[in-house]
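No lab work stands behind these numbers, since they all come straight from the coordinates. Everything quoted here is computed from the prediction, not taken from an experiment. Here Cβ is always computed from backbone atoms with ideal geometry, including for glycine, and neighbour counts include all displayed protein chains.
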Amino acid sequence: MTIFGTTVISAMAFHVTLFAIAGFVTLKILENYFPANPNYGLVSLLFLAVTFDDRPEGLAHIFGLLALLGISKLVASDAKWAIAATSLAFIFAFYTSIIVATLYFGIGLIAVVIACLNRPKIIYFLPFLIAAFMFAAITLTIAKNEPLLWAGFLENARQTPLRVMGFHKPYLREILKLVRNAPVFFLAILVLPSLYKQRKELINFNGQCLALLTGIFLMGWILLGLAMILFTPNYVIYILFIQILLAGGILSLADKILPCQKGLMTIGVAACVVLVSVRSVGMSTWGVACAWKNSYWKTHECLMKEFAPFAETNSTIVVSSALLYVAAEANVRKPVQADWYFDRANWTNNADLNGFIRLRPRKLVLVQYDYYQDFVPLLKRLRDRQRGVLISVHDLSQVKTPDSIPFVCHVLQYISWAPVIVDLKWENDDSVKSSAEK
C-alpha cells in the first residue's frame, strides 16, 4: 500500500475513534445535566456535521467535554476526585488547542459562577485555578529549559493565520459558513424572548442545566463573533459539540418551561439538523459521483507522473497539504505547502503575490478547493502584473466539482480526489532554458 493510502486509512481510523469517544462523552453530559427527554434522538442527528470534521482539534474537544463532565460531578456531589480530573482535562486541552481549550474553560467558568449564585463554594473554582497555574508554570519551564522548542512555537504562532485580515465586516461566504455550521445558536436567540416571559418558571428548572446553557450560549457567540470579524472564519466549526448540548438544552426547556412551543422547538432543531447535514449529504451523493469518475488509484497514478520530474531537479513546486504525501512518495525535492508559500505574519495587500513571484514555482498541484478558492484570483493578479509568465491549467476532474462553483464551494468542500495541475514558465527562467537545451 502507498504512503498516501496508509496515511489516509490511519487518519480515518484516528478520527472515527475520536468521534466515537466525543460522542460518548457528549451523551454522558446530556444525561448528567439535562432531564430525560424523548427528543434527544433528534439532537443526536447533529453529529452528522461532526462526522465529517477531519481536524486534529477533535482531541481537544474530548478533553474539553471531559472537563465539563468533571464540573458537573463536582457541583452535584462535591466529589474531590473531580477537581483533579477536571484540572488535568483542562491542561491537556490547552496543550492540544488553545482556542478550543479557552472555549471550554470559559463555558465551565461561567457555569460555575452561575452555580455559585445559589450555592457559593470556593472549591468549585479550584480546577480552573489549578489548570491556569499549571499551564503557566509548564509553559514557563519549557520556555526556560527548551529554548529551541519555545522558539519554534513562537515562529509557528507568528505565522499561523489566527488574525487573517484584522477587524473587518463579515463577507457573504463567511455568513453562509456561520449559518450552516451554527444554526442552533440562532435558534437559541429566537427562544430567548419566550424564556424571558417565563423567567419565574425558570427558578424551578435544573440549575446546573441553566448554568451550562448560559456558558455555552455566551462563549459560543463570543467565538462565532470573533471568527466573523477578527479571526479566521474556520473557527466556526469549533462549536459543533457544544451546539449538540445547546440543542438538548433547548428541547429540555421547551419540554418543561415552554410546553406550548415544544412542537415549534422540535421543528427548529430538525431544521438545524438539515442545515448541518448539507455537507454530509453532499459528500454521500455528489462526492460519490466525483470519486467514481476520479478514483483514488487513478488520481495517485496521475500524480506520480506529474511529480516524477521534480524528483531529479531542484525546481520549486507548490502542493496542497492533502497531496504532500504523494509528493513525499515520489521523492520531490522542493515541495512547498500551498498555504505557506509566503509569510502570513506580514500579510499586506500583495504579500501573497510578492511571495509567489519570489518563489517562482514551476508547477502547482492543488486540490479543487485550494485552486478555485485561493489560486484562481492569485493567478489572475499574476497575469496582470507579470506579462512574461506562461500559465497552463489542467483540471483533472471528470465531474464538475462543487469547489468550482462560487456559491456551492462555501457549503461543500474537499469531496473530490481530482487535482488541478498548473504549469508555469517564467520569463528569463534559467531552469527552463537549461531543460529546453537538453
- line: the chain, Gaussian network, Cα under 10 Å: of VAL236, VAL16, VAL319, the residue fluctuating most is VAL16
Angle between the chain longest axis and helix 183-197 axis [Cα atoms, degrees, rounded to 10]: 20
- line: Looking only at aspartates and glutamates whose Cα falls under 15 Å of LYS73's and that sit 8 or more positions away or on another chain, we get GLU31
- line: Output ordering of 405-412, 213-220 (per-residue mean of other Cβ within 10 Å, highest first) is 213-220, 405-412
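FRET efficiency for VAL393 and VAL281, Cβ-Cβ distance as r, R0 = 35 Å, nearest 0.05?
It comes to 0.70.
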- prompt: For region 382-426 and region 227-292, what is the separation of their Cα centres, given in Å?
  reply: 31
message: Which order do the peptides 83-89, 68-74, 19-25 come out in when sorted by mean C-beta neighbours inside 10 angstrom, highest first?
response: 68-74, 83-89, 19-25
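Within the P(r) computed for the chain, what percentage of the Cα pairs occupies the region above 30 Å?
Working: 49873 of 95703 pairs.
The proportion of pairs with Cα distances above 30 Å equals 52 percent.
Hey, fewest Cβ within 10 Å first, where do THR285, THR266 land in order? Intermediate values should be presented prior to the final figure.
Numbers: THR285 12, THR266 16.
Ranking THR285, THR266 by Cβ neighbours within 10 Å, fewest first, gives THR285, THR266.
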- line: Exposed-loop cut sites defined as GluC sites (Glu not before Pro) in DSSP loop states with at most 15 other Cβ within 10 angstrom; longest site-free run of the chain spans 1-311
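Mean separation of Cα pairs under 8 Å and 6+ residues apart, divided by the residue count of the chain: what relative contact order is that in percent? Walk me through the numbers on the way to the answer.
Details: 557 pairs, mean separation 71.7, N = 438.
It comes to 16 percent, rounded to a whole number.
Quick one: work out the % antiparallel among DSSP beta bridges in the chain, nearest 5. Please report the intermediate quantities before stating the final value.
Numbers: 10 of 16 bridges.
Counting only bridges with both partners in the chain, antiparallel ones make up about 60 percent.
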